[in-house]
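Inspection log for the structure reproduced underneath, given as structure tokens.
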Amino acid sequence: MSLLTIIQGVALRCNYGSVPSTAFANTDPAIQLMVACAQDAGDEAVERVNWEKLKTQVPLTFTGDGVTAAWPLPFGFQNLGPSTTFISSAYPTLHMPGPVNEEDLLVMKLLPVTAQPSVWRMVGGKIEFFPVLQPSEVASYVPTTGSWITGAAGNPYSPVAWQADTDLSVIPERIIRLGAIWRWKMAKGLDYAEFMSDFEAALDRISGEESTGRVIPMSTRMTFDSDTWFPGTVTDLTDQAY
């Protein structure tokens, strides 16, 4: 299903006169609004659901050099995969704590301790590790891209936006169609509550079939309770002779 067939489905269900033969280049303001609504519906669905088809096929990695603290994110990065966070090859059974906020990271940098494994945060379009990854230490992760629109040949767009009638959606087109319908009706001042309910119910059902792993917050504050968490190594001296 392409952008054109999505818009044709929206127009039919909105009882909009004749079914349009074009969408993206259509000069009819009502059709242009449908295209914009389809864009908004898809963007919202990507923000709310970690779609399996948007996850990379293999983990991506950062290989430490003992110097670099911040590493650039890949093209089309949306968020970290829901199944895990960063994993260090030096501590393969532990998750690297994060994302930490600036205050907690500053405290850790001032403390006379070394976090093991490193903690991380997202800053300036990069991932910063503290302490820096050691030479040959590999941090692995599974990112999700935001490139939910592709050309007819399957090439993802960046920025993610409709560019032609033949464009395809990586996420289910039904979600986009339902989302576009209620948005269009709302913009026209029509009753849209039932259509919005249909969209929410369908998104809930379909997203339930996607990854059920834990979600990694990328914008919320992650705090550490100093009474229960210590980012370093404790040496037991209780076996000393007295």
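Each reported figure results from applying straightforward, stated rules to the coordinates on display, with no laboratory input. All values derive from a computational prediction rather than experimental measurement. Here the Cβ is made from the backbone with ideal geometry for all residues, glycine too, and neighbour counts use every protein chain on show.
Counting only lysines at least 8 places from Lys109 when in the same chain, those with an alpha carbon closer than 25 Å to its own are Lys126. Sorting Val138, Val100 from the fewest to the most surrounding beta carbons within 10 angstrom yields Val138, Val100. Summing +1 for each Lys or Arg and -1 for each Asp or Glu among the other residues whose beta-carbon sits under 13 angstrom from that of Thr144 gives 0. Size check on the range 55-144: the Cα extents along the three principal axes, sorted descending, read 40, 24, 23 Å.
Would you mind getting me the FRET efficiency between Ala187 and Thr5? Use the beta-carbon distance for r and R0 = 22 Å, nearest 0.05. With a Förster radius of 22 Å, E is 0.55.
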